């Protein structure tokens, strides 16, 4: 509880005090402390979780393309403010040969570079800033890091699940939906991957959530700061968007929410402790996530029951299986009908693909 | 009906308190202007609930009378099943700021004092079930809409005469009654603390644009108890039910369980179904005529 109050207090300070300047500099953006090294940049499209420290900057998602300049300005401003607040090293000996006054001026040093972007999805409001943000950053090369690739050090690395790259690119000779400069530079195929080393004191784990919002979703877990950026499987502004055409499903959403809940350890009775940056909307925690999980599970159960009874999509919509949650979670941009339709389509058994008939003589009896 | 009583209490008490509120209470000792830290009365102490007001501790399933709930809230309450409390996430859920005073529960009020100015910078209200509700008196704003929500919410206070007015935002989604009637995380609670000697009245005025059609007004009465010590209230999460992972208990629409609780309540007290589901109308006296006019057994739907 005390830590939560401190977080809220810090948030109030940041919005009402010096941070208000930051917001003005960032235009429509708002920067809030989450916990440890992690900050939320809100208002840039999808939420951006930012790790800021002496290792540089790591972003979870890069926001919508039109907001990129403001995002970069907000991050630079945040770095500047944090540098100004940093206390010089405390020396209790050796004052005959050295002092701390010079170190107190270190805030004028250039900010550390943006090193990584991790994409939770391929949606434009999450990857739109990839190219420009990556170009503003830097990858340290040498050792076994891209020693033979000429431009490897020219920007930040972009990490994502393999399907994000598939969605953003196109086969050779075809027009890709996004420029190659925005594509992930490092992808993974397995259940999860880890950034190879601590970053700003955090072990950073990237966990793939199969077939949820899309087929390319990841959550990002900052293990020391104890913050999870969930991407769009958890959205505090409306029902989770399920993009069935891109491999999403309501069952995947439920599984993903339970996966995140498994990682959450609350500080006090489902409050605080592991903090959560959703894909959109306010900062949450385990309690918020559990309510959301309950709701999506209950709606999944209702729609699945209707599917088993053979009800059509129109009949399911007419039954209003989300009516008790609509006043909070249905919006004009993503209506209850849109959510129900996506849930329904992802629950209806897929028709088996037509197969070539097998000659009777070869059929196993 | 309880809420109607509370509303009447609120109106009378507020009027009486404002009428005798000395002007000095809204100014600092130098008379230089409004002050949040000085003024009012000392609220600190150990307070025990006066149970005679109404019995809030034994909520009955299906009892929605007196709650200005909308259709969505009613549907959600019908789907609610008590075994959801056995999920690990909810076993130790405390009552939020919107409900905890209805526990009922003992209350401790303490104050933070700035050692230099000696102004009261915050009041703390702490009930048995362990939420510390801080009420900041230094004129600070409420956090951004993007900030986290807590069970206790974020509260600021100001003196209106000798009455402390508290505005609470950033409360987590939580129940208004322990029978599945929920409010959303959009709720705003305006509350009032009124001390009259050894008695303390705490009034809640709850506005939820998601699930309430009108403000819900409730009051709780306390009496000073100088021998009270609020005991610890630890809570450990255990595996209460052996069920497959991912199950969330709820009543499915169309099943008997969906309406059983409320029908039982209606039949037990001979309250017509259309009264129980009347939402805000159940707060007003006119509803009594509908109850009396109903034939026996009309609770059945």
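The values are calculated or read from the model by the stated rules, or taken from the named source; none is laboratory data. Here the structure is a predicted model, which is why all the values come from computation and not from measurement. Cβ coordinates were reconstructed from backbone atoms using ideal geometry, including for glycine residues, and neighbour counts include every protein chain displayed.
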Residue B:234 vs. criteria loosely packed, with under 14 Cβ neighbours inside 10 Å and within 25 Å of residue A:268 (Cα to Cα): yes
Given the condition within 14 Å of chain A (Cβ to nearest Cβ) and under 22 Å from residue A:296 (Cβ atoms), answer yes or no: does some residue in region B:187-200 qualify? yes
Only residues that are surrounded by 17 or more Cβ atoms within 10 Å (Cβ to Cβ), over 23 Å from residue A:270 (Cβ atoms) and without any contact (Cβ under 8 Å) to a residue 24 or more places away in the chain: list them for region B:113-132, please. B:122
For region A:184-204, what are the residues that are surrounded by fewer than 23 Cβ atoms within 10 Å (Cβ to Cβ) and in contact with a helix residue (DSSP H, G or I) (Cβ under 9 Å, 6 or more places away or on another chain)? A:185, A:187, A:188, A:189
Per the filter on region A:311-335, residues in a loop (DSSP other than H, G, I, E, B), more than 13 Å from chain B (Cβ to nearest Cβ) and closer than 18 Å to residue A:348 by Cα are A:312
Taking region B:173-202 on its own, how many of its residues are over 27 Å from residue B:259 (Cα atoms) and touching a helix residue (DSSP H, G or I) at 6+ places or on another chain (Cβ under 8 Å)? 5
Yes or no: residue B:103 on the phi > 0 side of the Ramachandran plot, more than 9 Å from chain A (Cβ to nearest Cβ) and surrounded by fewer than 23 Cβ atoms within 10 Å (Cβ to Cβ)? no
Would you tally the residues in region A:236-264 being in a helix (DSSP H, G or I) and more than 10 Å from chain B (Cβ to nearest Cβ)? 10
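So that you can scan it fast, the table gives a plain yes or no per residue for (1) buried (at least 18 other Cβ atoms within 10 Å of the Cβ); (2) at pLDDT 95 or above; (3) more than 27 Å from residue B:232 (Cα to Cα); (4) away from every other protein chain (no Cβ under 13 Å):
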| site | (1), (2), (3), (4) |
| --- | --- |
| B:98 | yes, no, no, yes |
| B:134 | yes, yes, no, no |
| B:137 | yes, yes, yes, yes |
| B:148 | yes, yes, no, no |
| B:156 | yes, yes, no, no |
| B:174 | yes, yes, no, no |
| B:177 | yes, no, no, yes |
Inspect all residues belonging to region B:102-112 and state whether any of them is touching a helix residue (DSSP H, G or I) at 6+ places or on another chain (Cβ under 6 Å) and either touching a residue at least 60 places away in the same chain (Cβ under 8 Å) or in a loop (DSSP other than H, G, I, E, B) (or both). no
Selection count where residues are facing chain B (nearest Cβ under 9 Å) and in a loop (DSSP other than H, G, I, E, B), scope region A:265-305: 7
Please go through (1) more than 16 Å from the chain's Cα centre (by Cα); (2) within 14 Å of chain A (Cβ to nearest Cβ); (3) under 22 Å from residue B:76 (Cβ atoms) for residue B:275 and return the number of the only condition it doesn't satisfy. (2)
Report, by residue number, each residue of region B:253-268 that is assigned to a loop (DSSP other than H, G, I, E, B) and surrounded by 14 or more Cβ atoms within 10 Å (Cβ to Cβ). B:253
